[in-house]
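Each reported figure results from applying straightforward, stated rules to the coordinates on display, with no laboratory input. The structure displayed is predicted, hence computed values, not measured ones. Here the Cβ positions follow ideal geometry from the backbone for every residue, glycine too, while neighbour counts run over all protein chains shown.
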Amino acid sequence: MTAEIIDGKAFAARLRATIATDVAALKAKTGHTPGLAVVLVGENPASQVYVRNKAAQTQEVGMNSYEHKLPEDTSQETLLALVQQLNQDPTVDGILVQLPLPAHIDSSLVLLTIDPDKDVDGFHATNVGRLWTGERALVPCTPTGCLLMLKDYLGKLDGKEAVVIGRSNIVGKPMAALLLAESCTVTIAHSKTHDLAAVTRRADIVVAAVGRPEMVRGDWIKPGATVIDVGINRITLDTGKARLVGDVNYAECAEVAGAITPVPGGVGPMTIACLLLNTVTAFQMRRSI
Ligand code: NAD
């Protein structure tokens, strides 16, 4: 079997087009433009690229983008005051504080200071609780993107065996919650799981979010399963060139799976598109639309 490739780049482009249409309709209906504030502390080069991309895509779909760039030595007090100011600002629907923050700042405290109704990353404990209890929630962007691709490819997910490898608050746990809400039978595997290959072999759906290059091998996959590779790992080839690979051995797994996301071009592009989607959701939730 040769797997169908789930093209996240094309999916994300379609999703952004839909969001742009929705934003135009919301502007016409309410007279207000959804706005996303992104806060970056320090000079981390990867974070600077992410923030630039987020701002550009926010504007492309017709929303307002507010960037707040603060120096590396910004005090926790100053950052918390900015978050509180953004919480109060009626033009701001979504607030994203780019992680990682410098070591002298308590990231958990900053994330908990964001108004849960503007928490477009979905990291606030209130949104985590809403997600697990089935209330309308802002859900972390990466697992939301994975779920949209799974539903687009598979249709209804109920009754499917899903194995999520990784239990982080950002990907693994919310992914498991979303699949459970779709009535999958969900297993969360992690670094202490015994015989991970045997666990993964049961799955109709495998989501790998580990951060270990090409860890999931072809003989871990049930024939026809759908494989979503969240991992982004930079490896150096024998030639000295750098290359991005996922947590899944793509060549091996594509021989067995029914469908698979590539790296790059799979889950990655969906993450920012889902941030825009969350900003629209936050706009609607705050206005009870
Ligand atoms: P994390 O380090 O917070 O969590 C990794 C998880 O993997 C842990 O729960 C750990 O228990 C598990 N794990 C570690 N070694 C394992 C092993 N040998 N067997 C089974 N499980 C093991 O990482 P994260 O933030 O969840 O990110 C995971 C990967 O996804 C990383 O490569 C990251 O770069 C990538 N990522 C991609 C996107 C995207 O937009 N595509 C977004 C977030 C994260």
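So what is the orientation-averaged projected area of the chain, using the convex hull of its C-alpha atoms, in nm²?
15.7
Compare the peptides 196-205, 102-111, 247-256 by average per-residue count of other Cβ atoms within 10 angstrom and give them in order, highest first.
Values: 196-205: 17.7, 102-111: 14.2, 247-256: 20.2.
In descending order of packing, they fall as 247-256, 196-205, 102-111.
For the chain, which DSSP H helices look membrane-span-like by this rule: Cα extent along the axis of 15 Å or more and mean Kyte-Doolittle of at least 0.0? Don't skip to the end; give the middle numbers.
On the way: long enough: 8-30 (32 Å, 0.30); 45-60 (23 Å, -1.03); 76-88 (18 Å, -0.04); 141-154 (20 Å, 0.71); 267-286 (28 Å, 1.07).
Helix filter hits for the chain: 8-30, 141-154, 267-286.
Quick one: net charge around Pro116, please, counting Lys, Arg +1 and Asp, Glu -1 for every other residue with C-beta under 15 Å from its C-beta.
On the way: positive: Lys118, Arg130, Arg136, Arg286; negative: Asp93, Asp115, Asp117, Asp119, Asp121, Glu135.
Here the count lands on -2.
Please state the shape class of the range 167-230: rounded when a/c is under 1.5, otherwise prolate if a/b exceeds b/c and oblate if not, all from the C-alpha gyration tensor.
oblate
Using a cut-off of 10 Å between beta-carbons, work out the net charge of the residues near Gly266 (Lys and Arg +1, Asp and Glu -1, Gly266 not included).
On the way: positive: Lys9; negative: Asp7, Asp229.
Net local charge, Gly266 excluded: -1.
Taking the Cα centroid of the range 1-40 and of the range 138-190, what is the distance between the two, rounded to the nearest whole Å?
Cα centres, the range 1-40 to the range 138-190: 20 Å.
What's the local net charge at Ala103, with K and R +1, D and E -1, over the other residues with C-beta under 13 Å away?
Numbers: positive: none; negative: Glu72, Asp73, Asp106.
Here the count lands on -3.
What ratio of Cα Rg to 2.2 N^0.38 Å holds for the range 198-289?
Numbers: Rg = 16.4 Å, N = 92, 2.2 N^0.38 = 12.3 Å.
After normalising by residue count via 2.2 N^0.38 Å, the value is 1.34.
Can you tell me what the convex hull of the Cα atoms of the range 78-195 projects to on average, as an area in nm²? Walk me through the numbers on the way to the answer.
Working: hull surface 36.3 nm².
Here the figure is 9.1 nm², rounded to one decimal.
Å³ per residue of the Cα convex hull, for the range 137-256? Let's see the in-between values first.
Working: hull volume 13.2 nm³, N = 120.
Roughly 110 Å³ of hull volume per residue.
With runs of 4+ DSSP H residues as the only contributors, calculate the mean residue ellipticity of the chain at 222 nm using -39,500 (n - 2.57) per run, divided by the residue total and rounded to the nearest 500. Please report the intermediate quantities before stating the final value.
Values: 10 runs with 123 residues, N = 289.
Mean residue ellipticity, 222 nm, calculated: -13500 deg cm²/dmol.
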